[in-house]
Amino acid sequence: MSARQAAHRERGSRSIGLDAVAAGGVIALVAAFAIGSALRPERKSDPVHRRATRKARDGAAILGASVLMDSAMEHFRGGFHNRAMVLAPATAAASIAASLAEPRPDRTGRLPRLGHALSFAVGAAGLGFHFYNVTKRPGGLSWNNLFYAAPLGAPGALAISGLLGLTSEALSIAPVDGNRTGNEALAWSLPEAGRGLALATGGSLLVTAAEAGLLHFRGAFHNPAMWLPVTVPPATGLFLIGEAANPTDSGREVTRWAARGVAVLGVVGTAFHVWGVHRNMGGWHNWRQTSLAGPPTPAPISFTGLAMAGLAALDALGSEERSS
Amino acid sequence: MTDDRFDSPYPRYDVLEKWDTPSYNDQTREALAKRMDEVPPRRFFTAAEFTTLQAVCARVVPQPGRAAPVPIAPFIDSDLHAGRGTGTRYAAMPDDRTAWRQGMAAIDAEAKARHGSTFAELADAQQDSILSAINQGECAASGAWRDLPAQDFFRKLLLKWIVSVYYVHPAAMSEIGYGGPASPRGYVRLGPNEADPWEAPLSEKGARQ
Amino acid sequence: MSGRVSVLDDAAELRPRAVSGRAPDVFSREDCVPMAQFRDEEEVDFAIVGTGCGGGVLAAKLAEAGGSVVAFDAGPFFRPLADFASDEREQEKLYWLEERISDGENPIELGSNNSGRCVGGSTVHFQMVALRFRPEWFQARTKLGYGADWPVDWREMWRYYEEVEKACSISGPIRYPWGPKRGRYPYRAHEVNAAGLVLARGAEALGIDWAPTPLCTLSAPHGKSPPCVYRGMCKIGCSTNAKQSVLVTYIPRALAAGAEIRDLATVGRIETDRWGRATGVAYFREGRWRFQKARHVIVAGYSIETPRLLLNSHSARHPDGLANSSGLVGRHLMVHSNHAVWAEFDEEIRWYKGPPSMACCEHWNYADDDPTKDFDGGYAFMSQGPLPSDFATSIVTNSGEFGMDLRARMAKYNRMAGLKMVGETMPQADNRVTLSEGKDDLGLPRPRVTFGYCDNDKRLYAHALDFMGRMIEAAEGKNRFETEGTAHLMGGCRMGEDPKTSVVNADGRSWDVPNLWVCDGSLMPTGGGVNPSMTILANAARIADRMIAAGRRGEV
Ligand SMILES: Cc1cc2nc3c(=O)[nH]c(=O)nc-3n(C[C@H](O)[C@H](O)[C@H](O)COP(=O)(O)OP(=O)(O)OC[C@H]3O[C@@H](n4cnc5c(N)ncnc54)[C@H](O)[C@@H]3O)c2cc1C
Ligand code: SF4
């Protein structure tokens, strides 16, 4: 193959349009949801448990969807110049499917956990990779690189989505009667699982809000609404962690409302970002540029995912109150 | 001069392919369409001066192998006809119009002094050597230049004007891989060896990096 | 193209647009905003000549303080969204292209190089580099031993820098490496493009600081302006409205506060009465000469047109021109030496993406103690991103290269990077603007600009060329070459403490004619080693406050 042909092929691969990536992302998303739901037979169990499990896994799935779309778009912007870049959206898709599938007591039940563990691992590795990428640029660990070089928040979100998946797995397999079976590595009681999930979501909310903070700071908080995602979610995260440490009825109620607020914020935030893209030069008509240059539309919904997992954690924690 | 061959690093790229995309806005389409479709008629130069100018343009920006060379001389003519100036008249030089007329006459005089015929009639190499000499300020027909400083005229007026007409043409934008019109769209990928899908694809050397 | 109404037919250059109580809405493609209108016979508080950095700021602030204001500009009133094409030739409509004579030892290029002609002034096509003076420069004579002192305290100027940086939503780095600590820029710095990263790489290799350039274009939305799309055509006008030129910042403010803007209105003379006081301005609009009465006249036409207008407004009482008892009108004209080094790189840089100068280095503005510094004053330099025609013209005027060599060099366009200096030149009395014999189409004498470098200027740019050359080499640039040139204009009507050595006082009020003011780049006693517009804006904001305060004291 001549150099010219090689270059031509390069060009061919480079010319995958954003439309193709967006379409691919949507297809992956739908497929992941379909596979996940197909693997989700109804299971008889305690309603609280069931509700909590469902909520936690739906939350994890939403988070996964946000990560999938975001990483697909960002890595498209980077031209997938490193083959490993396809890993992020791929594992995010696996995580979604895993979150929607119902765990089974048999060996296949390990598969979803494997998927989440993979997301976690890939996210952590990506974090390292992005960090290295930032430090090797002129300026090193500078604000400009934190703003514009490979984002640290994105692989972080993938890791979080894996972590959340794992914890909701723990929740879903927690024995309802409070008796541990002992043959599972993550054999927590329901309230214990709730506590774990509360800690995980609380921490994740803090981290995710930090990333929103960085990006909104980059946007100079030009709209006062941009302060919301850097105040409400971290407060909710702290409440959740507080609940994990010291569950109380009243605290739970406040936290529940806060988490609902965060869930709504995720939806409203998405609308804001869609509008923000439209406000860029050329609006949606110029979407191939504006959807990359404007605020990331898939990002805010991750708050909704986290909030749902948080609500699940509160449900589970509540079961402890009742049972004790 | 080097041999008369030009290889664009971006042989398959054409800025005009983006014509109907958000890289172009109406006012840009209109300005470019006008430039490409309406080549102005000669109104300022005499026929003889214009012939010399065309010959000079063909050596300053040689376009071998191009079926329809980018027209340059007609735009200089129309600028001068319209009195469209550069905003700078160097004190040592006459006004733009006088300078151009005098300059064309002087270039022809150089050709006659050296080779006994008009500039346009000379072979490429002879034309090039005359222009090179003028660029060094070495004049054989100093009388013909009168008060016009040859090197300043050549660089600050003649070359400058010619390249400023050539390098705004879509063909010239394409051959150097320039992004061309870019409003409202703009660009997203700003780093080294990065290109948006609507830019010239990275050249071979860049793609290998 | 048939069947569609031509967008360029309704050209702003042909007919005034700010008429009948309406002015163009610069954020729209064809709409208008309401505008106050004054009759010629009505004596307005302020007639302002020019609507750039100086005139635009004054029009807004004086109108907001309740003054009646008419601001004139010789150029058109554009709506960037509809009028600005992505085309270097078409966009020459932004420049002052009337013939002006350039003379002297080192005659400077005028026109597109340093003079705008439209509502918003040169900021409509400036490159948006938004730097501040070094504090000591305001006392260059006392503290650094060269040039002249400004009649202003640097701390006061720094407060006004903050004001105008906010008004223009400057996007700048969080930590600026040079000079005293400054407050946070209103917007965050932009992503540094590949051309800027070359500067960064070179600076890090040589062990000196660099910074993302503070720029006058948005990194996030503001008001009706979307953020920058990195289309890179800032020098030929921003059709995005991301650039926060005076046209989209102070002019809308001025209109909203009740100022009238008159586009395509050239002021030819300032008239004075028997007592030598200014009575108003004679201006040419819509094919005829008219006269606007005014209590105060403010001249803000920049360093060539301001002296030209004052010199041309001579009368029996002011035979050498208005405000010229010191003989200094038109003198001490300064430019910045604008030499550059260019090199080829292995990677594709594609400097046409993004504002042209996204990384900068002010090292030599602050390196007083460096033993290799063999000159007074300072220089900054920035990464570059010239458009094709601009780059080609600078090559041919510098080297005379032509033919296939030129085409081959231009074919490396996407692999080039460059560093260009903004070098301080010394104020010299003989670098000046005078009136020539020739007349323009309106019958006004054409200006003659005389300029020559002094030895210090030459040492300064030689130093810069050497240093930038080392830096671009350290960044792994190959086949280096240099170009020379000038940028910006400063001085020509310097302000000062003493009527014998300056044209106006610290408030911009002329020593000779109490109701005649100057407020633009021509006031600058020294040029500094940074691009001037932020300093001109800040100085104008300060002067506006001084005028308003004087008004409250009954002195205006
Ligand atoms: C290509 C270019 C790039 C630049 N880049 C930068 C940069 O990156 N950073 C920076 O700080 N500075 C830059 N500058 C310089 C900056 O734009 C000017 O210094 C600044 O705009 C000067 O402000 P001013 O108010 O003195 O004059 P201007 O802004 O030029 O305004 C003068 C106005 O007065 C009008 N006028 C003049 N005479 C008359 C008359 N008789 N009647 C009516 N109207 C009249 C003119 O039409 C013009 O609009 C750049 C300039 C140019 C040309
Ligand atoms: S690069 Fe930014 S400021 Fe410059 S013309 Fe484009 S949008 Fe405007």
Can you name every residue in segment C:205-234 that is over 27 Å from C:I472 (Cα atoms), away from ligand 1 (no atom under 16 Å from the Cβ) and in a loop (DSSP other than H, G, I, E, B)?
C:S219, C:A220, C:P221, C:G223, C:K224, C:P226, C:P227, C:V229
C:G223 vs. criteria surrounded by fewer than 22 Cβ atoms within 10 Å (Cβ to Cβ) and either over 25 Å from C:G492 (Cα atoms) or under 23 Å from the mean Cα position of the chain (by Cα) (or both):
yes
Go through the residues of segment C:288-298 one by one and say whether even a single one is touching a residue at least 40 places away in the same chain (Cβ under 8 Å), within 16 Å of ligand 1 (Cβ to nearest atom) and under 23 Å from the mean Cα position of the chain (by Cα).
yes
Any pair with Cβ under 7 angstrom, 6 or more apart, that starts in segment C:95-123 at a residue that is facing chain B (nearest Cβ under 7 Å) and ends at one that is assigned to a strand (DSSP E or B) and near ligand 1 (Cβ under 6 Å from one of its atoms)
C:Y95/C:G116; C:W96/C:G116
Complete set of residues in segment B:37-57 that are touching a residue at least 60 places away in the same chain (Cβ under 8 Å) and either over 19 Å from the mean Cα position of the chain (by Cα) or away from chain C (no Cβ under 11 Å) (or both)
B:A48, B:T51, B:T52, B:Q54, B:A55
Would you confirm whether any residue within segment C:59-82 is over 20 Å from the mean Cα position of the chain (by Cα), facing chain B (nearest Cβ under 7 Å), modelled with pLDDT of 95 or more and buried (at least 24 other Cβ atoms within 10 Å of the Cβ)?
no
All positions within segment B:1-28 that are in contact (Cβ under 8 Å) with a residue 60 or more places away in the chain, in a helix (DSSP H, G or I) and either within 8 Å of chain C (Cβ to nearest Cβ) or not aliphatic (A, V, I, L, M) (or both):
B:K18, B:T28
Condition check: more than 9 Å from chain A (Cβ to nearest Cβ) and in contact (Cβ under 8 Å) with a residue 40 or more places away in the chain. Does C:P177 satisfy that?
yes
Those residues of segment B:52-78 which are surrounded by 17 or more Cβ atoms within 10 Å (Cβ to Cβ) and either out of contact with any helix residue (DSSP H, G or I) (no Cβ under 9 Å at 6 or more places or on another chain) or of a type in the set (K, R) (or both) amount to B:R59, B:S78
Hey, can you tell me all the residues within segment C:343-362 that are touching a helix residue (DSSP H, G or I) at 6+ places or on another chain (Cβ under 7 Å) and outside any loop (DSSP other than H, G, I, E, B)?
C:A343, C:E344, C:A359, C:C361
If I filter segment B:98-114 for residues that are assigned to a loop (DSSP other than H, G, I, E, B) and surrounded by fewer than 19 Cβ atoms within 10 Å (Cβ to Cβ), do I get at least one hit?
no
Would you mind stating whether C:M358 is crowded, with 24+ Cβ neighbours inside 10 Å, away from chain B (no Cβ under 14 Å) and in contact (Cβ under 8 Å) with a residue 40 or more places away in the chain?
no
Being surrounded by fewer than 24 Cβ atoms within 10 Å (Cβ to Cβ), within 30 Å of C:E348 (Cα to Cα) and among the polar types (S, T, N, Q), is that true of even one residue in segment B:176-198?
yes
Residues in segment A:296-309: is at least one within 14 Å of chain B (Cβ to nearest Cβ) and not small (G, A, S)?
yes
Please go through segment A:188-237 and give me each residue that is away from chain C (no Cβ under 14 Å), in a loop (DSSP other than H, G, I, E, B) and either at pLDDT 95 or above or under 18 Å from A:R57 (Cβ atoms) (or both), ordered by number.
A:W188, A:T231
Looking across segment C:199-224 at residues that are within 13 Å of chain B (Cβ to nearest Cβ) and either within 29 Å of A:N223 (Cα to Cα) or among the polar types (S, T, N, Q) (or both), the single one that is farthest from ligand 2 (Cβ to nearest atom) is C:P212
Looking only at segment C:306-335, filter to residues that are part of a helix (DSSP H, G or I) and within 24 Å of C:V246 (Cβ to Cβ); which one of those is farthest from ligand 2 (Cβ to nearest atom)?
C:L310
Condition set within 16 Å of ligand 2 (Cβ to nearest atom) and in a loop (DSSP other than H, G, I, E, B), scope segment C:125-134, selection surrounded by the fewest Cβ atoms within 10 Å (Cβ to Cβ): answer is C:Q127
Suppose we filter segment C:77-124 for residues that are out of contact with any helix residue (DSSP H, G or I) (no Cβ under 8 Å at 6 or more places or on another chain), part of a loop (DSSP other than H, G, I, E, B) and within 23 Å of C:E30 (Cα to Cα); how many remain?
2
If you check B:Y187 against the conditions, is it of a type in the set (S, T, Y), within 30 Å of A:F80 (Cβ to Cβ) and modelled with pLDDT of 95 or more?
yes
Would you confirm whether any residue within segment B:64-80 is modelled with pLDDT of 95 or more, within 12 Å of chain C (Cβ to nearest Cβ), in a loop (DSSP other than H, G, I, E, B) and touching an Asp or Glu at 6+ places or on another chain (Cβ under 7 Å)?
no
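The values are calculated or read from the model by the stated rules, or taken from the named source; none is laboratory data. The structure displayed is predicted, hence computed values, not measured ones. Ideal geometry is used to build each Cβ from the backbone, glycine not excepted, and the neighbour counts take in all protein chains shown.
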